[in-house]
Each structure stands twice: as structure tokens, then as C-alpha cells.
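Have a look at the structure below before the remarks.
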Protein chains: 2
Amino acid sequence: MPQNVVVVGAVALGPKAACRLKRLDPESNVTMVDKDTLISYGGCGIPYFISGDVSDPAQLQETSFHMLRDEKFFREAKDIDVLTNTQALSIDRDKKQVLIENVSSGKRDALPYDKLVLATGSRPRTLEIPGIDLEGVFAVSNMNAAIALKERIASGKVDKALIIGGGFIGLEMAEALTDMWGIETTVVEITDQILPGFVSRNMAKIVQRHTEEAGVNFRLEERVQRLEGHEKVEGAVTRKETIETDLVVVAVGVEPNSDLARQAGLEISSRGAISVNNRMQTSDPDIYAGGDCVEVVNLITGTPGYYPLGSMANRQGRVIGTNLAGGSAEFPGAVGSFVVKVFGISVAAAGLSIDVARREGFDAVSALVVQFDRAHFYPDKDLMHLEMVVERRTGRVLGIQGVGSMGDGTVGRINAVASILKYKPTIEDISNLELAYSPPFSAAMDILNALGNTADNILAGNNRTLDVDDFDELWRNRDKEDVVFLDCRGRPNAEPFVKSYPLHWKSIPQDELRVRMEEVPRDKKLVLICNTGVRSYEAQVILDHLGIQDTCNLQGGVACLKKWGLDLA
Amino acid sequence: MPQNVVVVGAVALGPKAACRLKRLDPESNVTMVDKDTLISYGGCGIPYFISGDVSDPAQLQETSFHMLRDEKFFREAKDIDVLTNTQALSIDRDKKQVLIENVSSGKRDALPYDKLVLATGSRPRTLEIPGIDLEGVFAVSNMNAAIALKERIASGKVDKALIIGGGFIGLEMAEALTDMWGIETTVVEITDQILPGFVSRNMAKIVQRHTEEAGVNFRLEERVQRLEGHEKVEGAVTRKETIETDLVVVAVGVEPNSDLARQAGLEISSRGAISVNNRMQTSDPDIYAGGDCVEVVNLITGTPGYYPLGSMANRQGRVIGTNLAGGSAEFPGAVGSFVVKVFGISVAAAGLSIDVARREGFDAVSALVVQFDRAHFYPDKDLMHLEMVVERRTGRVLGIQGVGSMGDGTVGRINAVASILKYKPTIEDISNLELAYSPPFSAAMDILNALGNTADNILAGNNRTLDVDDFDELWRNRDKEDVVFLDCRGRPNAEPFVKSYPLHWKSIPQDELRVRMEEVPRDKKLVLICNTGVRSYEAQVILDHLGIQDTCNLQGGVACLKKWGLDLA
């Protein structure tokens, strides 16, 4: 007898699981229910719909061959029944049925199932502050909310916007509002950096600086205490100020929608996500779950992680579909890859950031390389910043992050490492990583290989580094500390600095260092500096050899200082 | 006592090994010798120098911070002695010295060594045909040859050019001559496809077609028998014709320069390359070798392979430098990654092509996916073609290839797979590969994941495919065969084909198939077709379920036919 499969949720994972099942087992009867009227849309496209890159919300709901994925499509092309506008109220696991209710008519019904799939997704975290219910306050949680937000912007009444939350959605929305609509936008972030928990402070600073230059304001370490306004929102009050605004977007993350599962007595994690095994089964083997409502294993730490991403949902959906059809597919876990594009630069990462690695108990160090993304003689190129986090004792690679203007090039480097993270690579694997080489795409020694080499030199103690934020500290206290900044670049590069800071900035080009040794101060700490950190490393090696060892090498060099906003000269 | 290290060859691997050694062991005395006057240049940049993208040959010889890597640079910045214009004549392994000769003066000398590095590189294969020594015949083997070639082109006397060899250099040179200099260029290739041994016939055809559209002529399965001309070359004679030309570029590959090693009695492979272990030591443990003159293990087949690439040389150079300094670095072998950019499209690959896999004894199948490289709703996107080669019995991934207009996006996909090939991944690893996702970079189900899924469906027997070249055969014989081409796309797409070929082309959109089953011919072989192969696969599943199983699904669909040049409508 054909099996009955019910799928609760019809946005990303639900349709994927249902369609995969039907291809493998065309006899099965599949019913999807969703409380919304719009289904099977690319939710990650919402910021591009807001910006206008995507003009019609239907585009997010279409297949690549321009068929609208609505009820009719699933019925005719996929042989799947869809009940929209229908809420799943509860699961009766004994009777194996789902109680559903039509949201408009209130009519209730029971759907019997042999297997059930929970694809209930996530909901935006809310803020419990006064004024949150004022008109003009939005969360970009689903298509209908996005349509309402865009209508408000398009009405022309929005001159100023405030975004609460400096994460992915916050940044994407900041670009959409500023770049396409000319709205003066301020992002308020509660922690001391944007993209907290995802990238290092160094990377975050580079992205923030770039976004500021594009016109977005930031308030870090700041909390919106209340929203003010009469008929609609007019201001946001923080500890320090009141920020005038016509629009507020709340983008403080999402949390798993696991109420239905919890009520049914399924195992729920401390984070509130549905627990699943690597076949994506919940604690009830007849009930599968995946996507934004579940946790999966982090392949670096071995502990559960939460990855609300459309790409995860799609891959997990296929695993569920295969297993529903009697197969035995597994979802191995995640390394937490991501990329976000903001005003022409892209920041991408996989694995653990340095802060997270240390928080997870790793004795971790971080290597930074700034290098051209193509052969340096190729005309069309730009500097890329890559940072790798490694375990000191073992040389194991824990994570990688990158920022660059060639977005595909940046994400390509991250993906090359993301792909191998589950195999527990060491630094040597990165030094020897075999990337396809040609001058329009990379240097003969690709930046990734250079990153492995740099990490190797750091762990060997040959490259003793200084991060930009520590440089910043040292620089601000340069009068109090016994420190000299030794510029290893050619004279023309160093001269303006020497002129501005004669007491602290000294110029000896690296290739003159051997013959000008007597000029090197021996009683002070030396901060070695060049454009990107390559020649200053070379200088450090020479100085070591000559017995001057109280030196450190500014990782990323002047290129990194500039990106940070520390333009000293 | 400090060790003496002699390095023969100062282009890519030699300098890398020497500099790495000096950083780890500054005491050592290092001497590099090179028979040329120009050293340490990026040879892979030569086609870009010819095209004019790189205007000055010195750019190929500079560091990224614009220092010329000449003798003075190595002396002052690196503490390395360089003897240019100096040929290494022979090695006396008993006395541990290298006999050298100044090319200009003929003066000879003996350089004692504790360790020796052979970085003798490769030389262009030559053609033993009449006329090969005529003026106007070039091999792009080194900087001085490239400079001479460019001078000739810049003289304005070259209207027509002939390139012998349809490999990487041949294609890059074809672009340089056609695109930047407006020279009518013909490529003669002895095999039946361009990039033979590197990509499938399918991929080769796509690249060839694109290059033809940009104005380059091809003669495949053709051999230049002799070159004609009076004072300079004027024509190339093949079996079929005489091709007028003012310039001939011979680009028929390179072969290892291993004479010095052979004379010294070191182990040489059947290919003529120096044999090394994974520490890059030759059969004499005091002599290291790397770069274009050695073979290394192919990590897919386990047998030796030859990879004359600047990127390999750089990575191997570092391994040698570390080992010279007493370390124990290893070079694991290669998977043969490459990329080449031709007229705005890029073709990249890693591992084995389908032909090579079969030649190596694998029972291999090939899966092809044509899909947008970004989210299909993102405005700026293009179709990418990816092909994966897998072993039928085990599902092991043997290789991947791709063509696309977003070069970094294409090479990024290839690199993600190249990186894991040494871990012997299976199809499931590709289906679950965790690439960083965001609409400007990929679809939620990335083309790589889709490729894994397609391969999975092929091996499961659910997706029975037809390749474009087999389609081509079937199409040309459509009157003789009992075959119907069933178009599964929407009516507007199918109609022009139905009109042109009413006997053979039938239109039933995939979503109407279930209700129009009686229209499906049951006595003929069905070739199922859609735009990219997704809906036709879906149709195949439906037909299977209804008992119609003599069907095959055109991989890559009409999109692939068009790229191939088979525009039927």
C-alpha cells in the first residue's frame, strides 16, 4: 500500500524533501501544509527584493525555468498536494495524524501519516522593548512582511532608517536601503563588532569601515532601549542618544520554530531546536525534521550547532526525501560556511573564528595574509585578506575567513578550505592545496598556499606577529612604550611616515637591512612593517639571525591598517 | 660549518627553494645558476605579455611590491648569489661539484655543493618538419623568445598567424593574437578535440565553439607536414591544404629538461622526467629536484604524472627549501588542477577526464549539469556547465570539469572539489558539500551539489542519460532510427522545433505529462529534452513509473546543444 507522507512547512526543506520522495517513490501520497499563502520561495532573496534587484516577489517563488512554484505547480508537475493558509495545530503520535486548521475559515481536519516531516523553519527573534509594535517597525521574516516593508519604502516617506542588529540580514538590508533607495541608515549592534560570532574583530572592522565609507552609520556596543513615535515610529532611544528614524528593521537573528515538535514530546535541544540524528530523524523515527528548526553537529567541535540557511535546508531535504523512500542517506553535519556581499566587497568564512575557537577551548592562533587575488602582473586585480585559525599544538585548521572585492574569488578560497574541514586538515594541507592556476585567477603561490605557509612560520616561531588591533593599542601608547616602528618598505613609501613621526618611525628597506644593521635600535621593541607583512617577515628573520629578537611583524601591513581606517601618514 | 647549496635554474622553483632555505637557515651559502640572462619571471604570464595586458617584460620579473627580481635583488634582499648566463655542464656526484660555463666567455668553473637542487625546468617540444627553422616560426619557451615574438607582431607585418597545438598555450596565444592584435589566427590540432587529455570532448567542443565565435579558426585531426616560405614563413602545408601565414607559433607541449640529471646517473622516468620521492629527493639523497623537470604521483591513479605548472613549482620549491634546512616537508602529489581563460570564458578541471579515466582502467561514467552559477532570481548570472567523472561501482569521484563565463565562480567550484580529491570522496560528499551560500554567489542548491545529486541518480539507474555527442549521432540518423524527441519544456519553447521537425519532435510539457500519457509514443525510443536536463529527468521518472522505460535524458538539454553549436530550431 502506498505510504502517506505529511510535510509541515512548504518553504525550502519541505518542498525539497517532498519532491525527492516523489521521484524515488511515485506511489506515495504526499501532502504539504503551510500556514502562509506564499510558499516555496527563496527567503534569502528578500534583501534583493527590498533593494529592487529582484523586482517582483514572484521571481523568488519561480523555478529557474520561470514556473511559479504554487499549489498548482506542485499538483501538476510534482503530484504533491499542498494546503496553504493551513496551520498544523498538533501531532497525535499514537494515532499518527496531524491536526490542521484553515487559517481563514477555522475549519479543522486530521491528516493521517505514515511518515511526517517537520519543516517548520525559524521565526525572527523579537525585542521586548516599548514601541516595538509601532507602525513602521518590521522584521524581514517572510515574503508578506517583505512586501509590506518594500511598499512602505516605495511610498517615499522613508528618509531615515534604523536597523537593529549588525548580522548578515542587518548588513544586507543596510546596503539595500542605502544604495538603492538613498535612505540614511544606521545600524545598532549590541556587541563591540559587526557579524559577532562569525568573523574576527579584524575582519569585522574591515567590513564595517567599508560599509561606513558607503554611507551607513554604525552604533556598536549600543542597545535600543525603546522606540518612540505617535502614529508611527519616529525615533529609537539608546543609552546615549535618540536616533531619529522613519523605519525600523529588527534583524537580531532567528530562532527555531519547534513548538509543534515540543508539544508532541519530541526531543528539543537547550537552544530550542529539534534534535535529529544524521538521518534527520527526530526522537520519533517516523518523524523527520530539517532546515531552520533543527540543530546539526558542528564538524569542527563535534557539538550541536544551529545553521539557519537555505542551502542547508535544501541538502537536508534531499536526505530526508531519500530516507522517506526507504533509502539510507546521511547528513554529516556542518562547518558553518557563509558569505555575505556588502557594497561590492564580500566577506566569507567557514569553521571557527578566532574568538569562537578560544571560547570552545582551543589553544588557537590566527594567521593573516594580504595578497593579490590574481597574479600580481595581471591587470585586473585587488588585494584579498584571508585569515586562518589553527590549533597551536597540532597545526589543525579550525577555520578560515576572508574579505575581498572579487567576490567569487574570495568565496572560492573559503569554499576550497570549507570542503576539506571535515577531514581535519593541518596547515601543511593548506600549504600544499592544489588550486587551479592561471594568472587571471591566482598567483603561482596562491594566497591560500601563502596563508598555510604563514601559519606554518607562526607556529614554528619564525614569524612572531602583531595584529592590527594590538598595533592600534601600541600606536596610541607609543609615547609611553619603548617601541620603534621599523618600516621595511622602499624609501618613498616610508618617508611620509618618518616625516610625521620622527621619534617613532624609522625607515630601513628590507634589502638594505644587512648593510645598515648598526642603525637598528637594539634597546627597544621593534614593530616591523611593510605593505602586506611579507618583507617585514623577511626582516624579522634577518634580525633574528643577527641577534635582535624583540621584534614583531605587523600582519597584513600597511594595507591592513588602511582597510581598518588607521591611515597614519 | 655552513652548508653550500647550489641551485641549477632560477626561474620558479629554484628561487623559491633558495629563499625558503635562507629564511630557515640564514648561515647557508646559496648559489643559483641559470643559462639565461632573465631570471625569476612568471613564465605563465607570457601570453599576457604577448597580448599587451602586461606591457613590459620586467613586470613578469617583479615582486608584488615592484622590485625587479634580478641578481642584485637576490644578493641584497635574499643574500643569495646568482650566476646568470651560466650553463651547468655536468655534475660530479663523487666530488660533489657542478661544472659550470659562462655562456659568453666560455670560462669554466666548478661549484662545490653539500646539497644540490635541480630546477632545470622544461623545454618546448619541437616538430621535426621541413621549414621549422624559417624566420617567423616561434616557440613561446622563455622570456627572450616571447620578446622576439612580440616585436615581430608589433612591427605590423603579421596579418595571419598559425598556431600548432590546441592546448592551453595554444588557446591563450590564439586569444592574444586575435583579440588584441586583430590577427587572423588558425589553430591546427592533431587530435580530434582541443585540450586533448584534459577535458571531455563535450567541454572541448563548448570551448572551441566559443573561440570560433570570437574569430579563431580551427583545424582538428590535422597535422602540419611542412612549413613553406622564402626568407620567412609564408605557409603551412597539411594533408588537405596550404594555410597562408605570416607567423607560426609552435605550442605542442613541453618536455622535462632532464639531461643534466641523466648524465649524472640519476633515476629518470620513462617519460624522461627526473624521479623524486615525496621529499622531492632524486635517487641521490643529496640532490633535490622539482618543477617542470620532475614527475610526481597522481593522487587519483597512484601512478606518476607530469604537471609543468608554475604553481606546482612554487609549492615544491618550498618543500625543498624546508628539507634543505633540515626539515621534513612532503609534497603529497597532484590531482592535476588547471584553469584557462579564453575570450571571456574559463575552462577548469581537476582529476581525470572521462576519456583518461577509462584509459586508466576505471569503469567510469560522467554526469553533466547546466545550471545558473548564482541564485536564478539574482540579476547578474549565467549558465555554468559542470561535468563530474565517477567510478560506477564505488561512486568514487575521479574528476571534475567546468566551463563558465563567471571565471572565478567556475574555478571556485573546481577548486572546492580539487581540494578534497586526495581524500577519495564519493558522490555523497559532493551532494553534501557545504559551500558558502548567498544569492549573489550560488543557488540554495549549488550547481556542485546538484552535480552530486545527478551523479547519484545516474548510478541509481533513475537518470539514464544521453550525451550531446551521442545526441548528435542520433539526430543525424533520426530518419533511420525509431526515435522520437520529446520536448518537456513549456509550449512556447518547444513549438519552433515541432514546426521544423514534425515527424521527430513532440511537445508535452513535463507538468502535463501525467494527464497526456496516451499521447506518448510507446513503440519508439524516446529522447527526453528540456532546457538543462532537469525537467526531462523528472519526465523520465514519471514515464518509468507508468511503464515507458525506453527513454534517455539529454544531459545539459537545449542549453548544451546551443553551446555545442547544434542550434536545431
Degrees separating the helix B:13-24 axis from the principal Cα axis of chain B, which is the longest one:
70
Radius of gyration and maximum dimension Dmax of the range A:157-248, Cα, Å
12.8, 41
So how compact is the range B:451-558: Cα radius of gyration and Dmax in angstrom?
12.8, 36
With the cut-off at 1.5 for a/c, could you classify chain A from its C-alpha gyration tensor as rounded, prolate or oblate?
prolate
Rounded to a whole number, the mean other protein chain Cβ count within 10 angstrom for residues of A:534-546 is 3
B:LEU435's amide H: which non-local residues (gap 5+, or another chain) put their own amide H closer than 5 Å, with H modeled 1.01 Å from N in plane and none for Pro or chain starts?
none
For the peptides A:22-30, B:460-468, what is the packing order when you average, over each peptide's residues, the other Cβ atoms within 10 Å and list the highest mean first?
A:22-30, B:460-468
Average partner chain C-beta neighbours within 10 Å, per residue of B:368-375?
2
I need to check one value: relative contact order of chain B, counting alpha carbon pairs closer than 8 Å and at least 6 residues apart, in percent.
11
Using Cα centres only, tell me the gap between the range A:456-494 and the range A:143-194 in whole Å.
38
So, over other residues within a Cβ distance under 10 Å of B:ARG315, counting Lys, Arg +1 and Asp, Glu -1, the net charge is 0
Under the convention of a label 7 Å out along Cα→Cβ, give the distances in nm from B:GLY197 to the same position in every other copy, shortest first.
5.3
Ratio of Rg to Rh for the range A:155-309, alpha carbon only, Kirkwood?
1.08
Could you tell me what percent of the DSSP beta bridges with both partners in the protein assembly as shown are antiparallel, to the nearest 5?
55
What do the square roots of 5 times the Cα gyration tensor eigenvalues come to for the range B:1-143, in whole Å, largest first, as semi-axes of the equivalent ellipsoid?
29, 21, 12
Measuring from centroid to centroid over Cα atoms, what is the spacing of the range A:45-70 and the range A:316-338 in Å?
26
How many nm separate the modelled label positions at A:VAL103 and B:SER105, each set 7 Å beyond the Cα in the direction of the Cβ?
8.9
For chain A, take the longest principal axis of its alpha carbons; what is the angle in degrees between that and the long axis of helix A:201-213, to the nearest 10 within 0 to 90?
80
Difference of contour (0.36 nm per residue) and Cα-Cα distance, A:GLN549 to A:PHE65
167.9 nm
Compute the distance in nm between two label points, each set 7 Å from the Cα along the Cα-to-Cβ direction, one at A:ARG93 and one at B:GLU241.
7.5
Just to confirm the number: angle between the C-alpha axis of helix A:310-324 and the first principal axis of chain A, 0 to 90 degrees, nearest 10?
50
Approximate shape of the protein assembly as shown as ellipsoid semi-axes (Cα gyration tensor, √5λ), whole Å, largest first
51, 41, 26
Starting from the 7 Å offset along Cα-to-Cβ, what nm value, one decimal, do you get for the label separation of A:ASP472 and B:THR394?
5.1
Please list, ordered by chain and number, the residues whose modelled amide H lies under 5 Å from the amide H of A:ARG226; skip anything fewer than 5 residues away on the same chain.
A:VAL237
Trypsin sites (Lys or Arg not before Pro) within the range A:107-149, DSSP loop, no more than 11 other Cβ atoms inside 10 Å
A:LYS107
Taking the square root of 5 times each eigenvalue of the Cα gyration tensor, what semi-axes in Å does the equivalent ellipsoid of the range B:290-374 have, largest first?
29, 18, 11
7 Å along Cα→Cβ for the label point: how many nanometres lie between B:GLY326 and each equivalent label in the other copies, listed shortest first?
6.6
On a full-extension model of 0.36 nm per residue, what is the gain between A:GLN3 and A:LYS524, subtracting their alpha-carbon distance, rounded to one decimal in nm?
179.8 nm
So if R0 is 25 Å, what FRET efficiency would B:GLU213 and B:VAL498 give, r being the distance between their Cβ atoms, rounded to the nearest 0.05?
0.35
Do any GluC sites (Glu not before Pro) in the range A:210-291 lie in a DSSP loop with no more than 15 other beta carbon atoms within 10 Å, and if so, which?
A:GLU221, A:GLU231, A:GLU241, A:GLU267
Are there GluC sites (Glu not before Pro) in the range A:81-140 that DSSP marks as loop and that have at most 10 other Cβ atoms within 10 Å, and which are they?
A:GLU128
Viscosity 1.002 mPa s, temperature 20 °C: give me the Stokes-Einstein translational D for the range A:338-459 in µm²/s, with Rh taken as the Kirkwood radius over C-alpha pairs.
151
Only Lys, Arg, Asp and Glu count, each charged at its Cβ (+1, +1, -1, -1), so figure out the dipole size of the range B:64-123 about its Cα centre, rounded to 20 debye.
140
Can you list the copy-to-copy distances for B:GLU221, using a point 7 angstrom from Cα toward Cβ, in nanometres, shortest first?
7.4
Checked against the positive end of the charge dipole of the range B:1-119 (+1 on Cβ of Lys and Arg, -1 on Cβ of Asp and Glu, about the Cα centre), the farthest of B:ALA77, B:LEU24, B:MET1 is B:MET1
Counting partner chain Cβ atoms within 10 Å of every residue's Cβ in A:509-521, what's the average?
2
Which value at 222 nm does chain B reach when only helices count, each DSSP H run of 4 or more adding -39,500 (n - 2.57), with the total divided by all residues and rounded to the nearest 500 deg cm²/dmol?
-8000 deg cm²/dmol
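Just so you know, all these numbers are worked out from the coordinates, no wet-lab data involved. Keep in mind it's a predicted model, so treat the numbers as computed, not measured. Cβ atoms come from the backbone with ideal geometry, glycine included; neighbour counts cover every protein chain shown.
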